[in-house]
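Below is one structure, written out as structure tokens; comments come after it.
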Amino acid sequence: MAGYFYNMKIYVSIELMSDVDDSMELPEFYPNQAMTPWNDIEVHPIIEIEKGVCEVIQEGMESFWSVYLHQLGGGVKCIADVRSKIEAEMLAELIHNCSNTRIHSSGNNS
């Protein structure tokens, strides 16, 4: 069908700033999570409670930000963890521009 494409590659380049706390290995991407059908992009502030245990938290208290794909069958899948809201929003915007989906962001909209 004209106008439809089934395979798409997205290349992302993120520059890590040296004046940021290097205790976390961010950004981290989880491309296999994007392999199921999705229709929306969500951006949320996250706190790591303990190693490998994270939850969404109020903006301003976060350890990092995560970008999620809202699944057609329900639920969300995290596809990336990044250091800042602006990095999360830039990644969500890139995905949005390539796929024409909606973006939902927790906290204050900028």
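A short reminder: the numbers here are calculations on the coordinates, not readings from a lab. Predicted model only: the values in this text are computed from it and were never measured. A quick note on method: Cβ atoms are made from the backbone with ideal geometry, for glycine too, and the neighbour counts reach across all protein chains shown.
Things worth noting here:
- Alpha-carbon centroid distance for the pair segment 39-63 / segment 80-100, whole angstrom: 15 Å
- Protection proxy ranking of 85-91, 47-53, 62-68 - average other beta-carbon atoms within 10 Å, highest first: 62-68, 85-91, 47-53
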